[in-house]
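Worksheet: the structure to be examined is printed underneath.
The values are calculated or read from the model by the stated rules, or taken from the named source; none is laboratory data. As the structure is a prediction and not an experimental result, all values here were calculated from the model. Positions of Cβ are backbone-derived with ideal geometry, glycine not excepted, and every protein chain shown enters the neighbour counts. Keep in mind that these areas ignore ligands, DNA and RNA; they rest on the heavy atoms of the full protein, side chains included. Shrake-Rupley method; radii C 1.70, N 1.55, O 1.52, S 1.80 Å.
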Amino acid sequence: MKKCGTLFGALLLILIPVLAMAQDPGVPDTCKVDTTTVTAQGQHFVLQVRVYNDAAIGGLSLPLKFSGSSVVCDSGSFAGTRGSSASAGVSGFTIDNLQQSIIVFAVWLSGNLAPGEGPIAKLFFTVRNDAVSETVYVDTFTASGGVEIEFSSAAGIGYKPVFQKGRIRVQLPAPVKHNPGIIVPGMQQVLCDSSGCDTLRFEVHASDVDISDILTITKYGVGSLSTVPHPTPDTGFFTWVPVPADTQNSPYTDTFIVNDGTGLADTGTVLIKVKPRQVVPPSAKNGDVNGDGNVNTNDVIFLVNFLFKDGPPPKPPAAGDINADCFTTVADIIYLINYLFRGGPAPKVWCTPGDINHDGYVDLPDVIYFINYLFKSGPAPLSMKSSDVNADCTVDIVDLIYLINFLFRGGPIPQPGCVAPFYKAVPQPLADVELFGSNEINGIIEIPVSANFNLPVAGVQILVEFDPAQFEPLDPVLTERSKTLSVFSSYKDKYQIIGLLDLQAQNSIQPGTGSIVILRFKPKLANYDLNRLKISEAILVDREANTLNTTIKPNSFSTPNLR
């Protein structure tokens with residue numbers, strides 16, 4: 001056990017140092033520290049201190065110091081040794097692991113340590129968990145105040161015994177290194193069509209039993225891998241955007257390697273197939289957005305999910321163009337709702353500039369179809385707007401050359417044509433929108449979108465651009481003006497798309513000025529710039545599915561832009 005050495009220090013000043021040092025007559029008295037061997041981190045062990053004296057001893061002081069960095073002294077004890085007869089309260093141990101020192105002191109106020117040989121004290125040690133193989137020496141030294149190794153005879157005469165230092169041999173086994181492990185996904189498949197290929201993304205995971213090792217993941221093969229060396233566990237992020245030509249050499253094999261920095265490694269392979277997307281023949285029914293052969297409420301929901309919830313595209317993609325203006329927007333949703341619930345006109349032949357054969361895609365078969373129509377009395381295109389690719393209001397050989405240049409020579413993309421019949425008149429300037437004012441409540445920024453228009457609005461589509469380093473988008477909320485509609489939203493990269501709709505064709509936002517939706521963002525920085533938020537696109541549609549000509553006004557914040 002640990003004991004305070006204060007009283008001993010006082011007694012030592014009285015009993016020993018004031019006495020003249022004498023030579024030990026006869027056989028020299030000896031103090032010896034044992035030698036032992038330890039073999040494991042965390043191991044507890046006992047080191048004995050032995051004394052030989054040929055005459056009675058009335059007191060002793062033994063300052064010890066141990067070397068190295070592998071052990072700590074936990075406590076000391078006289079129990080079961082010759083020192084157990086020393087007087088309580090004036091005998092004990094002073095241990096300082098910071099200075100790696102131990103002072104053993106014992107005083108006999110009555111009686112003495114009879115002549116003899118054997119252990120005088122026990123020292124209890126522990127091998128540190130970060131120990132290394134080494135030899136730790138236990139030697140004597142001169143402690144503060146000039147305390148040295150010293151015995152005092154029963155008559156009060158001090159003398160120095162012979163000291164034999166001890167050794168602790170720390171012999172640890174060489175650490176067993178473990179191979180790291182890597183986990184990769186199974187076979188991957190990417191689909192391509194004439195417009196491009198899907199993006200392939202997946203993660204690879206590495207781990208190691210040796211938690212101090214730094215793992216590095218590398219790759220050989222297609223695509224790119226984003227990762228940084230990291231202690232276990234580590235993750236890499238794979239990304240590849242193939243091109244349609246990559247279908248020719250499919251499949252591809254990517255090999256992923258994790259190295260732990262000690263020469264040990266593990267590998268994993270991923271087989272990647274790049275395949276042409278199966279072309280689903282378009283439905284014979286205009287307005288069949290989901291390609292199930294029917295035109296019903298499911299197509300409305302499908303179109304809402306596509307525009308505002310990052311859902312899959314229509315089948316084919318052009319099937320979402322219900323009003324035949326060559327674009328898929330909130331106006332097409334209103335047009336389809338009017339047809340289903342209000343007796344509105346039927347969906348029109350959808351338009352995709354360059355899709356001459358009306359299969360939903362722009363590719364080589366369109367060139368063949370166009371040639372047959374122009375020069376071989378073949379059937380006419382269903383959509384002349386899709387065929388007037390240079391938008392000169394005439395379908396002729398110039399459009400054919402334009403399409404060939406686009407497909408095979410890197411020419412400009414096909415344009416929405418202007419061949420009759422014209423589906424709607426050019427909209428008049430009837431609306432404007434802006435970000436107006438802001439407020440921060442409980443760490444959430446709220447920004448109203450104000451809109452001014454002079455006729456009822458049945459649908460709104462807004463694209464908001466934000467700085468993802470400064471803001472995290474949250475779900476927007478309706479206002480008193482728009483509360484009869486439903487709100488939809490999603491975000492990707494630095495854009496949030498918001499839709500306001502009445503899916504039952506019963507309600508509208510009434511004409512006037514005021515906020516129609518409240519944007520909500522969570523700031524990521526203490527000092528954020530509200531001008532890093534802006535409306536990039538705004539589409540307002542009336543009850544008859546006509547698109548209002550909408551002006552986006554500059555931001556008008558009532559609070560400072562910088563926080």
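Using the heavy atoms of the protein chains and a 1.4 angstrom probe, tell me the accessible area per residue for the chain in square angstrom.
It amounts to 48 Å² per residue over the chain.
Rounded to whole Å, give me the distance from the Cα center of the range 463-477 to that of the range 31-103.
For the range 463-477 versus the range 31-103, the Cα centre distance is 69 Å.
Sort the following peptides by mean Cβ neighbour count (other Cβ atoms within 10 Å, averaged over residues), highest first: 208-217, 245-254.
Details: 208-217: 17.8, 245-254: 13.8.
Highest to lowest by the protection proxy: 208-217, 245-254.
Which order do the peptides 534-540, 220-226 take when ranked by the mean count of other beta-carbon atoms within 10 Å per residue, highest first? Intermediate values should be presented prior to the final figure.
Working: 534-540: 19.0, 220-226: 14.1.
Highest mean packing first, the order is 534-540, 220-226.
P(r) tail for the chain, what percent of Cα pairs lie past 37 Å?
Of the Cα pairs, 61 percent sit more than 37 Å apart.
Using Cα positions and a limit of under 16 Å, work out the lysines in reach of residue 122, with same-chain residues fewer than 8 apart set aside.
By straight Cα distance, residue 122 reaches 2, 3, 32, 65, 165.
With no solvent and one point per C-alpha, what does the Debye sum give as log10 I(q)/I(0) for the range 343-450 at q = 0.10, 0.15, 0.21, 0.23 Å⁻¹?
-0.45, -0.68, -1.05, -1.21
Please report, to one decimal in angstroms, the Kirkwood hydrodynamic radius of the range 290-336 built from all distinct Cα-Cα pairs.
One over the average 1/r among Cα pairs gives 10.4 Å for the range 290-336.
Students sometimes get this wrong: rank 309, 122, 483 by accessible area, probe 1.4 Å, all chains present, largest first.
Solvent-accessible surface, decreasing: 483, 309, 122.
Over the alpha-carbon set of the range 468-545, work out the extent along each principal axis and list the three values in angstrom, largest first.
If we take the Cα atoms of the range 468-545, the spans are 43, 24, 18 Å.
Per DSSP helix of 4 or more residues, -39500 (n - 2.57); summed, then divided by the residues of the chain. What does that give at 222 nm, rounded to the nearest 500?
Numbers: 6 runs with 62 residues, N = 563.
Calculated mean residue ellipticity at 222 nm is -3500 deg cm²/dmol.
List the lysines whose Cα sits under 19 Å from the Cα of residue 524, skipping any in the same chain fewer than 8 residues away.
492, 494, 534
Among all the aspartates and glutamates, which ones have a C-alpha under 14 Å from residue 348's C-alpha, if same-chain residues fewer than 8 places away are not counted?
In chain and number order, the partners are 288, 321, 325, 332.
Give the carbon-plus-sulfur fraction of the accessible surface of the chain in %, rounded to a whole number; probe 1.4 Å, heavy atoms of protein chains only.
Answer for the chain is 55 percent, counting heavy atoms of protein chains only.
Can you find, among 132, 149, 98, the residue sitting farthest towards the positive end of the charge dipole of the range 72-188, where Lys and Arg contribute +1 and Asp and Glu -1 at Cβ?
Most positive-ward Cα: 132.
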